[in-house]
Structure formats: structure tokens, C-alpha cells
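Have a look at the structure below before the remarks.
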Amino acid sequence: MERTCLAVILAAGDSTRMKSSKSKVLHPVANRPMIAHVVDAVAKSDISSVALVVGRNADEVVNAASIDGVAIEAYLQKERLGTGHAVLAARDAIARGYDDIVVTYGDVPLQTDGPLKAARRHLAEGSDVVVIGFNTNRPTGYGRLLVKDGELIAIREEKDATDAERAVTWCNSGLMAINGRKALDLLSRIGNSNAKGEYYLTDLVEIARSLGGRVTAVDAPEIEMTGCNNRAELAVIERFWQERRRQELMISGVSMIAPETVFLSYDTVIGQDALIEPNVVFGPGVVIDGGAVIHPFSHIEGAHVSAGATVGPFARLRPGANLAEGSKVGNFCEVKNGEIGAGAKVNHLTYIGDAKIGAGANIGAGTVTCNYDGVNKSETLIGANAFIGSNSSLVAPVSVGDNAYVASGSVITADVPADALALGRARQEVKPGRATVLRERALALKAARKTKS
């Protein structure tokens, strides 16, 4: 039978070092609140439910933590009296008798399910408490994990450690797993007889051992245990996340010429054999199919780029942009809520908004779909194989039929039937010799002004 598990996520800190008007755990990593990254990690470790311990911005934190398929209950921690006290804010959930209790933190967004699963395996094998540690060549400031005969005998804070203990590089991450049947008893035994008068979760090591219980530790990659206390650390976490995700994508068959210049969102999907050139930014909700090419300095959000399509350079795809196979959105173009049909070309200096472009259509440079009248947004329909001449304005709602031709410089305000030619511009007049007259007049005026000065 599967073991049940409750994840207790501590997210009630005041986060004063962030110097922010909002809770630390609401700050984004890869365009997703860091608390949602943590919930996602614990969900993948086969937890049954989440007890979220909140404080500042409680409602916003709960909303940010809510992801599909995860049952979350929120518990308000009114006082800040240490990590042991914070866990007990979720006493009612812990009392339900889960097999495993996993304790983690809302400001450790790089964590994955691997170490959590490893800790749970140790619980299944008989440990009462499992501490998650990490090895580092910079252990200063961290509590050291002291192990003997396969068991964790102590977490020694640096100020209390001997020289030999300070040489230990296996450190406490703060994450922990507890035997769910014994959790309330163990937690209730934590005292506050220390300089700060707080209840420390790390005391469970000594408490469990004093009761004859088994305490062990498991290892996690140092990067995964990186916590966030200020904006500088948030930037480091963002860099680590981006590096990890780029590496995953490249291993899966995505080409990146300068990966360090590509910025991804938490949900970016890129298919095999896609090519991402330098300085590309992906906002949320992007799917790039295999074989697509994204040229430099493009910004893409809420869009789907199909196989064989090309984007950029210097293109912007906004939410609702959908590029069919073999289509092209070129340099200095913007597409918003627009469908670009198979093989259609939107080559340069063009805005497509609230529009559907048929297969094989060609949209000339400087074309604008005028979709907004100051109150309402309306749709432009352009048929298959239509040709829109350069510097044309299509005033929505309007349609251009299949194989129709719009002459350059036109303002189109009425529907254009299939196979028709539409012109919407003033008639050109040519006045021979007039350029010379105008030039001589201008030079004379300039000379007169110079004489006066």
C-alpha cells in the first residue's frame, strides 16, 4: 500500500531583507512565484496534500501556491517563534496521521522531488527523522551534519563546533522528513531554552535519538537547496534555474547558439531540432514546435510557433499568436491574437492584431491591422494567397478574400472580394519643373534669413 504524505511548507516569514511590498515567496523565478515552484516539487514527490503555513499576504500566497491537482490547506502563523513553532501551526493537518511528514520552505524554489523522495524512502525503511543535507566548499555559517555508523548523531551549529567539526562540508539545508505517526509527539517536545527563546526544528535530531529513534540524512545538490533572502540572491536563483532548464532543453535536442542569452519561462516548451538564436526571451505560455527557428532579439509570450516556422529577428509575439507550419514573422513585426496560416509571410515592420491570415498570404512591409477604435477590438480576415501591398492599413472589421490584391499604400475600410484588386489612396499628380521652383524658393528664403541675422 502506498504511504501517505503531508508536505508542510513554511511560507510565513516577514522577508524584510527583500525590501519589498509583498511577501518574499511571491517574487517570481522564471515568471512563476517561487512558492509555486516549491509546491510543484513536493507534488512530484507523491505527497497526499499540502499544509501551507502563511503569514504576510496570506491570501495572495495561497493563490500563488495553488496548482492543478494539489490539495492545499492554509494555516496562519500569528507569531514568529522559530521553525519548530511554524511547523506546529499546521498541527490539525499533522494530527490526521499521515505516514510521512515532509517539511520544506517556500523560499527554496530550485528544489526538486529527488531529495524529498529519498528522505521518504528512509522513513519507509525505519527512520523517525531524516534531514536533507548538501555538500559545499563554502560551509561557513551552516549547521554541520555529523554522522556515525550511518546515523545522524547531531546537527552542530558553527558557533558550537570544534575545529574538526567545522571541517565537515556536509551541511543542513533545513528540509526534513518525519515519521508521521510520531510527528506530533516529537514536535511537542521541542523547547525554547536558548538565547533567542525560539523553537528550533533541528532539535528533533536529539529528541528522536533520546527516545531510541533512528535519525538519518540524505544528500541533495547544493544548488537545489539555495534559499532566497534578498534581491541579489533572487537573481542568483534565476540564473541557476535558467542554466538548468537550458541544459535540459539542449540535451533533449534543442539548439541554442548562445544559451546564456536565452531566457525561458517555467512552462516554455521547445521541440527537438528547434533553433533558438541569441538574445531571445520567452514569457509564459509558449510552445515552439520542432524545426522552428527563432532569430535573435525576439520576445515571445503566450504563443505557438509550429514546425518549420521562423520568427524574427527583432519580432514580438504576444498572447494568442499562432504561427502555422512554414509561416514567417520577420524583423520588427508584432503579432497579437493573430493566426498566421501555413506558408504565410509577415516579413517586416508590420502589426497583426486580432486577425486571421490565410495560408500562403503575403503581408507587405509596414502593413497595419487597425483593430482598435478606442472602445472595441475588431477582427481582420485575410484569405489564402492574398497579397497585401506595403504600407497598407486594414481598418477592422474587414475581410480580404482569397487571392485578392491590395495595392501598396492603401487604406482598406470595406471588404475585398476574392480575386479582386483594391486601391484606397489619393490619385498621384505630377507637375513638371515644380521641384526646381520649390528648391529655388527655399534657398532664397534661407539666404534672406541669414542676411537678417
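On the stretch given as segment 250-275, residues that are among the β-branched types (V, I, T), under 25 Å from N347 (Cβ atoms) and more than 18 Å from the chain's Cα centre (by Cα) total 1.
Against the definition (part of a strand (DSSP E or B), touching a residue at least 40 places away in the same chain (Cβ under 8 Å), open to solvent by less than 40 Å² (accessible area, probe 1.4 Å) and among the aliphatic types (A, V, I, L, M)), how does V38 come out, yes or no?
On the way: part of a strand (DSSP E or B): no; touching a residue at least 40 places away in the same chain (Cβ under 8 Å): yes; open to solvent by less than 40 Å² (accessible area, probe 1.4 Å): yes; among the aliphatic types (A, V, I, L, M): yes.
Taking the combined requirement at face value, the residue does not satisfy it.
If I filter segment 276-286 for residues that are more than 26 Å from P33 (Cβ to Cβ), in contact (Cβ under 8 Å) with a residue 24 or more places away in the chain and among the acidic types (D, E), do I get at least one hit? Yes, segment 276-286 contains at least one residue that is more than 26 Å from P33 (Cβ to Cβ), in contact (Cβ under 8 Å) with a residue 24 or more places away in the chain and among the acidic types (D, E).
Residue-by-condition table, conditions (1) among the acidic types (D, E); (2) buried (at least 19 other Cβ atoms within 10 Å of the Cβ); (3) modelled with pLDDT under 95:
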{"residue": "G360", "(1), (2), (3)": "no, yes, no"}
{"residue": "Y372", "(1), (2), (3)": "no, no, yes"}
{"residue": "V375", "(1), (2), (3)": "no, no, yes"}
{"residue": "S378", "(1), (2), (3)": "no, no, no"}
{"residue": "I382", "(1), (2), (3)": "no, yes, no"}
{"residue": "I388", "(1), (2), (3)": "no, yes, no"}
{"residue": "S392", "(1), (2), (3)": "no, yes, no"}
{"residue": "V398", "(1), (2), (3)": "no, yes, no"}
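Would you check which residues across segment 12-51 are among the hydrophobic types (A, V, I, L, M, F, W, C) and farther than 14 Å from V70 by Cβ and list them? Once the filter is applied, which keeps residues that are among the hydrophobic types (A, V, I, L, M, F, W, C) and farther than 14 Å from V70 by Cβ, segment 12-51 yields A12, M18, V25, L26, V29, A30, M34.
Within segment 212-253, the set of residues being of a type in the set (S, T, N, Q) and either open to solvent by 30 Å² or more (accessible area, probe 1.4 Å) or out of contact with any strand residue (DSSP E or B) (no Cβ under 7 Å at 6 or more places or on another chain) (or both) comprises T226, N229, N230, Q247, S252.
Does segment 24-31 contain any residue that is open to solvent by 30 Å² or more (accessible area, probe 1.4 Å) and free of Cβ contacts under 8 Å to residues at least 24 places away in the same chain? Yes, segment 24-31 contains a residue that is open to solvent by 30 Å² or more (accessible area, probe 1.4 Å) and free of Cβ contacts under 8 Å to residues at least 24 places away in the same chain.
Taken across segment 184-195, residues that are surrounded by 15 or more Cβ atoms within 10 Å (Cβ to Cβ) and more than 24 Å from R121 (Cβ to Cβ) do occur, with at least one present. Summed over segment 43-58, residues that are within 13 Å of V25 (Cβ to Cβ) and part of a helix (DSSP H, G or I) total 1. The single residue among I257, I276 that is more than 15 Å from A30 (Cα to Cα) and either surrounded by 20 or more Cβ atoms within 10 Å (Cβ to Cβ) or touching a helix residue (DSSP H, G or I) at 6+ places or on another chain (Cβ under 7 Å) (or both) turns out to be I276.
Considering every residue within segment 330-339, establish whether at least one is modelled with pLDDT under 95, within 24 Å of A404 (Cβ to Cβ) and of a type outside the set (K, R). Can you show your working first?
Keep residues of segment 330-339 that are modelled with pLDDT under 95, which gives none.
Scanning segment 330-339 turns up no residue that is modelled with pLDDT under 95, within 24 Å of A404 (Cβ to Cβ) and of a type outside the set (K, R).
Determine, yes or no, whether T16 is of a type in the set (S, T, Y), closer than 25 Å to I178 by Cβ and surrounded by fewer than 22 Cβ atoms within 10 Å (Cβ to Cβ). In short, no.
Checking the condition closer than 22 Å to A7 by Cα and charged (D, E, K, R), which residue from D149, D160, D219 passes? Give the steps one after another, and end with the answer.
Numbers: D149 fails: closer than 22 Å to A7 by Cα; D160 fails: closer than 22 Å to A7 by Cα.
None of the others qualify; the one that does is D219.
Among the residues in segment 429-452, are any buried (at least 16 other Cβ atoms within 10 Å of the Cβ), out of contact with any helix residue (DSSP H, G or I) (no Cβ under 9 Å at 6 or more places or on another chain) and hydrophobic (A, V, I, L, M, F, W, C)?
As a first pass, look at segment 429-452 and keep what is buried (at least 16 other Cβ atoms within 10 Å of the Cβ): none.
Taking every residue of segment 429-452 in turn, none turns out to be buried (at least 16 other Cβ atoms within 10 Å of the Cβ), out of contact with any helix residue (DSSP H, G or I) (no Cβ under 9 Å at 6 or more places or on another chain) and hydrophobic (A, V, I, L, M, F, W, C).
Restricting attention to segment 250-274, the residues that are among the hydrophobic types (A, V, I, L, M, F, W, C) and closer than 17 Å to H304 by Cβ add up to 5.
R209 falls short on exactly one of the conditions (1) open to solvent by 70 Å² or more (accessible area, probe 1.4 Å); (2) under 39 Å from the mean Cα position of the chain (by Cα), and that condition is (2). Of the helices (runs of 4 or more DSSP H) contained entirely in segment 79-136, those carrying at least 1 residues that are farther than 26 Å from E2 by Cα fall at 83-87. Just for segment 281-304: of the residues that are part of a strand (DSSP E or B) and among the hydrophobic types (A, V, I, L, M, F, W, C), which one is nearest to K336 (Cα to Cα)? Here the answer is I300.
The values are calculated or read from the model by the stated rules, or taken from the named source; none is laboratory data. Just so it is clear, the structure is predicted and the values come from calculations on it, not from any experiment. Here Cβ is always computed from backbone atoms with ideal geometry, including for glycine, and neighbour counts include all displayed protein chains. Surface accessibility is based on the protein's heavy atoms, side chains included, excluding ligands, DNA and RNA. Shrake-Rupley method; radii C 1.70, N 1.55, O 1.52, S 1.80 Å.
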